[in-house]
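The values are calculated or read from the model by the stated rules, or taken from the named source; none is laboratory data. Remember, predicted model here, so these are calculated numbers, not experimental data. Ideal geometry is used to build each Cβ from the backbone, glycine not excepted, and the neighbour counts take in all protein chains shown.
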Amino acid sequence: MKKVFFKTFGCRTNLFDSQVMMSRLEGYEITQNEADADVVVVNSCTVTNGADSSVRGYVNQLHNNSDAKILLTGCGAHTKGESLLNDRKVFGVFGQSEKEKINTLLAQEQPFYELGDLDFVDSNIVDDFVGKSRAFIKIQEGCDFRCSYCIIPMVRGNARSMNENNIVAQIENLAANGFGEFVLTGTNVGSYGKETGSSIASLMKKIAQIRGVRRIRLGSVEPVQIDDEFKEILSEPWLEKHLHIALQHTSQEMLRIMNRRNKFESDSVLFHELAAKGFALGTDFIVGHPGESEAIWHEALANFKTMPLTHLHVFTYSKRDGTPSASMKTSVDGRRAKARLQELQAIVNANNRKFREAYQGTLEVLIEHYKEGLFYGLDQHFNKVAVRSEHDIEGNWIQVERYRVEQEYNYAEF
């Protein structure tokens, strides 16, 4: 039986898509060892130049050092798939809508290029997540926002929601199979239900009623999506005490240039309201976008320092062809952008440690893996916890009452 290795880059949505393909495989064996694979399916990301480079570098290395047949899917199939196919670096290219045909695609004897369409609605139900302690549930696809720097709507399409009954059925199956933590993911998860009269808050309340569901995490949401209905569930015990809310910048002028929908003044009110309720708060931030002058940067930095942020995904601006930002002329020097990135990261690292030192409660930790004498997991605030134990606790939920705050994680013995 031929062996297939899945290499997944990028977001949690890609993790879900890879699991869909794994669950549909027939006549092939999934291997966790790339060197044993007869076929490698590369589920790619194209959100930044760095993501593109990582995918291309991986494909080149695999092409040069392995006899495995290489298939490319994911967002990068839309941007780099044709060139990689023409260069004979990959055998086939297929879009996200074609993943259900994985067995047919693996059996192809001639090179192929099948992008499919960007309007499909995923109806797949996954019963297991290979190698994972948490389950990633795709609830929607695409995005209606048109931020000036972002290529994702071009490769994922407009926002559309998965069928609610399918989502619930999937979580029921996974909960019955022992999963207790569910991460709701998508391109813009906060837009769930916009076309059906539902909402992300309504969906989470229904999920929470499923037996076995212990914790619900969210992917990134927009500030405007934390509405009154969402605020009604903030005290629910099943909701993670961490929210990742995409700001992208803290200068109002920069937000205008980026064609963002949020405003710093209301963002600040929202974040302080959530922090007062005990939430750890993360965000995305882009430095070095065209137009980010010294004056704008100093304004943004001053505003940023006032925000109660404990987690950060910060990126230097990456030009994506076909986006409005790509034609903007006032660029920022790369070294200056990197320095700005490091300044923001240092601020949030310090905030995170202060948050962990100030917290006096019990940590609810799902242990996910073991490495070099320690078990690792994430608590309800999305902070890493390292645990030393004589027992095999991988995959278990534990309550940690006494622990030591280290620089990068909390340490406990159990």
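Does D284 satisfy the criteria of being touching a residue at least 60 places away in the same chain (Cβ under 8 Å), within 18 Å of T310 (Cβ to Cβ) and among the acidic types (D, E)? Judged against the criteria, D284 is a match. Of all residues in segment 45-72, those being in contact with a Leu (Cβ under 9 Å, 6 or more places away or on another chain) and under 20 Å from R12 (Cβ atoms) number 2. Take the conditions (1) closer than 19 Å to E294 by Cβ; (2) not in a loop (DSSP other than H, G, I, E, B); F355 misses just one of them, which is (1). Only a single item in (1) in a helix (DSSP H, G or I); (2) more than 16 Å from V189 (Cβ to Cβ) is not met by I210, and it is number (1). Restricting the search to helices (runs of 4 or more DSSP H) fully inside segment 225-287 and requiring at least 2 residues that are over 30 Å from M328 (Cα atoms) and out of contact with any helix residue (DSSP H, G or I) (no Cβ under 7 Å at 6 or more places or on another chain) gives 228-231, 264-276. For segment 82-89, state whether one or more residues are outside the structural domain of N158 (by TED's automatic domain parsing), in contact with a strand residue (DSSP E or B) (Cβ under 8 Å, 6 or more places away or on another chain), under 17 Å from K7 (Cα atoms) and at pLDDT 90 or above. Scanning segment 82-89, I find at least one residue that is outside the structural domain of N158 (by TED's automatic domain parsing), in contact with a strand residue (DSSP E or B) (Cβ under 8 Å, 6 or more places away or on another chain), under 17 Å from K7 (Cα atoms) and at pLDDT 90 or above, so the answer is yes. Output the residues belonging to segment 198-219 that are touching a strand residue (DSSP E or B) at 6+ places or on another chain (Cβ under 8 Å) and under 21 Å from V365 (Cα atoms). Correct list: M204, I207, A208, V213, R214, R215, I216, R217, L218, G219. Of note, F136 does not satisfy the criterion of being in a loop (DSSP other than H, G, I, E, B) and either outside the structural domain of G377 (by TED's automatic domain parsing) or at pLDDT below 80 (or both).
Matching residues to (1) crowded, with 18+ Cβ neighbours inside 10 Å; (2) among the aromatic types (F, W, Y); (3) in contact (Cβ under 8 Å) with a residue 60 or more places away in the chain; (4) in a strand (DSSP E or B):
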position: Y376; (1), (2), (3), (4): no, yes, no, yes
position: Q380; (1), (2), (3), (4): yes, no, yes, no
position: A386; (1), (2), (3), (4): yes, no, no, yes
position: H391; (1), (2), (3), (4): no, no, no, no
position: G395; (1), (2), (3), (4): no, no, yes, no
position: E408; (1), (2), (3), (4): no, no, no, no
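Residues in segment 55-79 that are part of a loop (DSSP other than H, G, I, E, B) and surrounded by fewer than 23 Cβ atoms within 10 Å (Cβ to Cβ): 3 in all. Filter segment 348-365 down to the residues that are under 15 Å from H311 (Cβ atoms) and either in contact with a strand residue (DSSP E or B) (Cβ under 7 Å, 6 or more places away or on another chain) or polar (S, T, N, Q) (or both) and list them by number. Answer for segment 348-365, where residues must be under 15 Å from H311 (Cβ atoms) and either in contact with a strand residue (DSSP E or B) (Cβ under 7 Å, 6 or more places away or on another chain) or polar (S, T, N, Q) (or both): V348, N349, N351, N352, R353, F355, R356.
Close Cβ contacts (under 8 Å, 6 or more residues apart or on different chains) running from residues in segment 311-324 that are assigned by TED's automatic domain parsing to the domain that holds I286 and β-branched (V, I, T) to residues that are assigned to a strand (DSSP E or B) and crowded, with 18+ Cβ neighbours inside 10 Å comprise V314/F285; V314/I286; V314/V287; T316/I286; T316/V287. All of H249, H289, H272 fail the test of being surrounded by fewer than 21 Cβ atoms within 10 Å (Cβ to Cβ) and not charged (D, E, K, R), apart from H272.
Among the residues of segment 217-240, those that are buried (at least 19 other Cβ atoms within 10 Å of the Cβ) and of a type in the set (V, I, T) comprise V221, I226. Within segment 179-209, if we keep just the residues that are touching a residue at least 60 places away in the same chain (Cβ under 8 Å) and of a type outside the set (V, I, T), the residue that is surrounded by the most Cβ atoms within 10 Å (Cβ to Cβ) turns out to be G186.
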